[in-house]
Every structure is written in structure tokens, then in C-alpha cells.
Amino acid sequence: MFKAFLGLTISFIFLTGCQYIENHNLTKEQKIEKPTTHTEDTTQNDQNQNVDQEIKEEEPINSNFLLEEKYFNEVKVSNGQAIIQNPDNILVLVNKEYSLPQDYVPQDLTKPNIPFSFGDLDIPKRYMREEAARAVEEMFQAAKIDGIFLYGVSAFRPYNYQLNLFNNEVNEKGEELAVQAVARPGQSEHQTGLTIDITSESVQYQITQKFGETKEGKWVEENAYKFGFIIRYPKGKEEITKYQYEPWHIRYVGKKVAKIIKEHDLTLEEYFEKVKKI
Ligand SMILES: [Zn+2]
């Protein structure tokens, strides 16, 4: 019993901030300064009870920020670039710091049964990884029930497609502007098959920040997490994500993590800063 309490106390100290450590020190001082009396025991017991209550309240929050090792990027640096070695990880963090291998193509790509802005064309950008495809179907279906009609614009993008997209943008606007709008090849989340750009008729099926102000965009912002998606590049977090606000770009991370990210108003980068490996 005592061992269990001690263990719990130690892990609690480990997991929480200074405030508890101060309380804990107070308990120790009282133990040393005052001889054990009935009153003192009562005080200690009361304090212990408070600690127990605090543990009960703190635990769910802390366990939200514990994550198995397999969900973290495994990285190898090659030519100054951090290349992800476990790109099939559903929580893979792809950004301007971490790149996917040039030859990475997810093996479970499938066509989600949702309408796309480009009609029935069977092209790579119609495809998503199995789990993400089922989730986006679920989301579009739920949206429809709420009178919200969404359309896919672009999901999976192979490395070479991104290479062309990036080169075209550089030719048009110069490299400095291009890197703000278009991911470098290997650094696009679209290569994961876990991402999809979506739109609505109200913005003429375009990819535009105006989508965020439409009822469809607002519905997505409010509800995407219920289906395991996050708005990957939110407004006000440009310095962290290194991308402009993209209300149309949603990324599948699974329901559990999407909920944590939404509730704590995080980006995927911030989530990985907070989370502890177990
Ligand atoms: Zn996108």
C-alpha cells in the first residue's frame, strides 16, 4: 500500500510542475518540525487525500501526452536533410524539418467514396491510405446530414508530382515566395496519403482561405477532429507550422490524437513537443 502510494507520489512529482513540489516539501517540513500527533496525522492524511484527488484530476491530462515510441519520427540525416525512416506511421510528422523518402509510396492507397471537384477522374490525387479514406467518408457523410456539402480537391501526391508543382511555383514566383506556399518535394504531407484538401461550392470548388469563413469551412473546423482529422495549418500558428493558414488542408491523425490537438489548440509540431515517449 505504502509502496504503491510512494510510487504514485514519485510519478506525480515527475509529471507535474513546481506547485506540487512546494506542497510536497511542506509535508516533509511538517514531518520533521512537528512530532507526530493525532492532529498532525490528520493534517497529513488530509494532505494525502488532497494529493490523491489531485492525482485523479491530473492523470487523464498527463496520459494524453504519453505516446508510444513507434509514433515518433525515426530519422536519418542524409545530405543535411532529416529523412523519415518510418513513413507508414499514422502520426508521421512531415514538415520543413522532416522529409519523406523520395521513393515512399503508401502501400494501402484506396479511393475514398466521396465527391471530388474534378469529377470521376481516376488520378493519384483521388487516393488516400485506407484508414484515412474510411475516416473522410465518415466525415463527409456526417457533414451531409448537417446540410454541409464537401468536395475533395487533392489527396495523395507522389514525390514527382510535388517536384513539378514546386518547380512551377519557383519559376512563377521565385524560391522565397514558393517555399511559403508549396512544400518542397518530400516535405509535403500529401505524399503520406493521410491528407486531403477539401472545398465547397460556396468558394467555387477552389482552394482559398475564404473557405474558412464559409459555413462548410466552419463545420470542418468544428467537427473534423471527431473523425480523426486536424486543420494542419491553423490561423495564428504560421510561425510554428511555417505555412500560411490553410483551412482546406486536413490531416488524418486518428480520433484520439485529433481530439487532444483540438482541445489544447495545438499544431502537430506542438503536440510532439509536449508529448512524452513511453
Ligand atoms: Zn494540402
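Structure data summary
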item	result
Residue selected from the range 82-98 under the condition assigned to a strand (DSSP E or B) and either out of contact with any Phe, Trp or Tyr (no Cβ under 9 Å at 6 or more places or on another chain) or small (Gly, Ala, Ser) (or both), by the criterion surrounded by the most Cβ atoms within 10 Å (Cβ to Cβ)	Tyr98
Those residues of the range 219-257 which are out of contact with any Asp or Glu (no Cβ under 9 Å at 6 or more places or on another chain), over 18 Å from Glu137 (Cα atoms) and part of a strand (DSSP E or B), in sequence order	none
Residue check, Lys210 of a type outside the set (Val, Ile, Thr) and closer than 20 Å to Glu138 by Cβ	no
Count of residues meeting criterion [surrounded by fewer than 17 Cβ atoms within 10 Å (Cβ to Cβ) and either of a type in the set (Val, Ile, Thr) or within 11 Å of the ligand (Cβ to nearest atom) (or both)] in the range 174-183	1
Members of the range 242-268 found to be acidic (Asp, Glu) and more than 12 Å from the ligand (Cβ to nearest atom), listed by number	Glu263, Asp265
Residue satisfying condition, being within 16 Å of the ligand (Cβ to nearest atom) and polar (S, T, N, Q), within set Asn160, Asn164, Asn171	Asn164
Matching residues, the range 184-241, being within 12 Å of the ligand (Cβ to nearest atom) and among the charged types (D, E, K, R)	Glu189, Asp197, Arg232
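Residues are listed down the side, and each one gets a yes or a no for (1) buried (at least 21 other Cβ atoms within 10 Å of the Cβ); (2) of a type in the set (A, V, I, L, M); (3) not assigned by TED's automatic domain parsing to the domain that holds Leu150:
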position	(1), (2), (3)
Ile231	yes, yes, no
Tyr245	no, no, no
Trp248	yes, no, no
Val253	yes, yes, no
Glu269	no, no, no
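Yes/no per residue for (1) closer than 23 Å to Lys255 by Cα; (2) in the same structural domain as Tyr245 (by TED's automatic domain parsing); (3) in a strand (DSSP E or B); (4) touching a residue at least 40 places away in the same chain (Cβ under 8 Å):
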position: Ala132; (1), (2), (3), (4): yes, yes, no, yes
position: Gln141; (1), (2), (3), (4): yes, yes, no, no
position: Lys144; (1), (2), (3), (4): yes, yes, no, no
position: Phe166; (1), (2), (3), (4): no, yes, no, no
position: Gln187; (1), (2), (3), (4): no, yes, no, yes
position: Gln191; (1), (2), (3), (4): yes, yes, no, yes
position: Gln206; (1), (2), (3), (4): no, yes, no, no
position: Gly217; (1), (2), (3), (4): yes, yes, no, no
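The values are calculated or read from the model by the stated rules, or taken from the named source; none is laboratory data. Fair warning: this is a prediction, and the values are worked out from it, not measured in the lab. Glycine also receives a Cβ, built like all others from the backbone with ideal geometry; neighbour counts cover every protein chain displayed.
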